[in-house]
Amino acid sequence: MRELELYFGPQHLGMVGNFSITLKVEGDRILEAAANPGYLHRGFEKLMEYRTWIQNFPLVCRVNVIEPDHIEMIYAMAVEKLAQIEVPERAHFVRSIYLELARVGSHLFGLWAYANMLGFDTVAQWAMYHRDLVLDLFEELTGGRVYHIYIWPGGVRRDFPPGFTDRIVHTLHSIGGCVPDYNSTFFDNRLFYERAKGIGQLTQQQAKEWGATGQTLRATGMKYDIRKVEPYAAYDKVDWEVPTRKDGDAYSRILVIRDEMIESVHMIFKLLDAMPEGPVYTRMPNPFKWKVPKGEAYVRCESSRGELGLYLVSNGGDKPYRVHFRTPSYPHGLIVLEKLLRNASIADVGNIMISLYVVAPEIDR
Amino acid sequence: MSKSIKEALESTFRDVQVSFREDNRMAVTAENESVLPILRFLKDAGFDHLSLISVVDWIEDNLFELCYFLTPYMQNDDEYTDRQKLHIILKTPLPRDEPRFKTVIGLFPNAEPYEREIHEFFGIDFEGHPRLTPLLLERDYEVPPFRKDFDTRKYVAELLDSVPPIETKKK
């Protein structure tokens, strides 16, 4: 059969996001795949070298459009480490609750993309609606729906407004009450099983070799989660479990995402119960004259997609000297995806890509 | 744990400087030739997750600093140890004019896109890399754009001035 070159994305029905893959196909079988990112490259790491430490906050959150909160978190963590700023106890809890809300919102968005791609339009609409409820919480707390710029060096911008805790509980109850519906319509559905089982399978050894983290690694059985490995914020103050699966295929990855969402909701309830009273931020120096001491910091946290890292270098000035983000989608989209697509069929490209949870803005930065 | 790694590194390799910091980060500075052996040594010692390769352009010292970030994955599926918190940053200096280095893809296959990106942004050649083709950028640059001597203002002026103005049709 004749070999063809096929451009999959960025303008393609099966593609979510500004990403493209060049496929070499023979019939329906993929011989070779080359990821082709760069459609969303904005050069943030260079731009940040020209802006003051505080001015960078509106930039960093745009690195990952779907889930900006963890990026704010690592940037704040790195600046705190360099400038040796203490964070009050309550701020740690507020941050954790906020980040877990972001994780729930991001997973619901991921569920929308996956269900939509498989043709489960009803489930996709539900997920989008529930994500919107989470965004309503963010809007009340921070003023923004998508970009929040809430985490700050030394804490968070402001405390929870009166009655906000009750509204978190109410929203999470209404999302959690729909889990049986999600299960019967999607997760326990024979069609989903048939479509996702055995697709894009990788072993734990391969996952380690290709630098996978997050659900991609946890779906192969390893409980690798930065929140447990190197706890930050208030994650070591409450008990929670890391959900895993054994098979390493798309089916396992999506189920890990569902279990993680449920675990996050439980964790938020525990964090709300354990939250102490007190201030939520430390007073910061004048941002226009603020100079961060010379040094370097590497911080990492568990975003909803895997290990998120930041290498931040300061030369003692009022701007960062070098910024480099280690985003989880980078190895997932550029290495794991290319390897898993080999010998797959064209109909499974979107399936594998979305189950790996690849977001283009994170790769391009 | 970190002390034993430090001692093992210092006794096995010459010319390495190991400094350990409070926050579980260990900085190792080594000469160019010993980077690959050290990476192999660390991988065998359990640091099998290469999480990032980065470059810092120290223009005043006229050198690039190539940094490899290593951390261990879990040995068992569900056991958390203090060792997993340790993060090793292996650094090596490179000259700013005609910088070149050997690829580490043979050891860590996930180094491929990182090296490709560094080649594109900083102009560092990696010998033995199978495809050093452009990854994220679409134009050619005289100076690789993430170097400190890249003139952003001049670039923007040249780029935007060269865009032809939109002509309105005369009726």
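The numbers here are math on the coordinates, done by the rules we state, and not lab data. Here the structure is a predicted model, which means the values were calculated and not measured.
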Check: C-alpha center the stretch B:110-157 vs C-alpha center the stretch A:351-365, spacing in Å is 22 Å
Listed by chain and number, the lysines with an alpha carbon less than 20 angstrom from that of B:LYS6, same-chain partners under 8 positions apart left out, are B:LYS43, B:LYS85, B:LYS91
Of all DSSP beta bridges having both residues in the protein assembly as shown, the percent classed as antiparallel (nearest 5) is 85 percent
When chain B is treated as a Gaussian network with springs between alpha carbons less than 10 Å apart, the largest mean-square fluctuation among B:TYR155, B:TYR73, B:TYR141 is found at B:TYR155
The protein assembly as shown: spread of alpha-carbon positions along the three principal axes, whole Å, largest first, is 71, 69, 62
Cross-link reach from A:LYS246 to lysines, straight Cα distance under 23 Å and at least 8 residues apart if same chain, gives A:LYS197, A:LYS208, A:LYS223, A:LYS228, A:LYS339
With Cα springs under 10 Å, the Gaussian network model of chain A assigns the largest mean-square fluctuation among A:MET73, A:MET48, A:MET353 to A:MET48
Gyration tensor (Cα only) of the stretch A:47-364 to equivalent ellipsoid, semi-axes in Å sorted down, yields 33, 24, 16
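Rounded to the nearest 500, what is the 222 nm mean residue ellipticity of chain A from helices alone, with -39500 (n - 2.57) per DSSP H run of 4+ residues and division by all residues?
On the way: 15 runs with 156 residues, N = 365.
Roughly -12500 deg cm²/dmol at 222 nm, from the helical runs in chain A.
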For the stretch A:42-116, using Cα atoms only, the Rg and Dmax in Å read 14.5, 45
Computed over chain B, the Cα gyration tensor eigenvalues, each multiplied by 5 and square-rooted, give semi-axes in Å (largest first) of 39, 18, 15
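Using helices alone, what [θ] at 222 nm do you get for chain B, with -39,500 (n - 2.57) per DSSP H run of 4 or more residues, divided over all residues and rounded to the nearest 500? Write down the numbers at each step before the final one.
Details: 4 runs with 42 residues, N = 171.
About -7500 deg cm²/dmol.
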Tilt, helix A:121-142 to longest principal axis of chain A (alpha-carbon atoms), in degrees rounded to tens, equals 10 degrees
The rounded separation in angstrom of the Cα centers of the stretch B:48-71 and the stretch A:68-95 is 24 Å
Any lysines whose Cα falls less than 16 Å from that of B:LYS148, other than same-chain ones fewer than 8 residues away, would be A:LYS46, A:LYS319
In degrees, nearest 10, the alpha-carbon axis of helix A:164-176 is tilted away from the dominant principal axis of the alpha carbons of chain A by 10 degrees
Relative to chain B, whose Cα atoms define the longest principal axis, helix B:2-12 and its Cα axis are tilted in degrees, nearest 10, by 90 degrees
Semi-axes (Å, rounded, descending) of the ellipsoid equivalent to the stretch A:5-145 per its C-alpha gyration tensor are 34, 23, 12
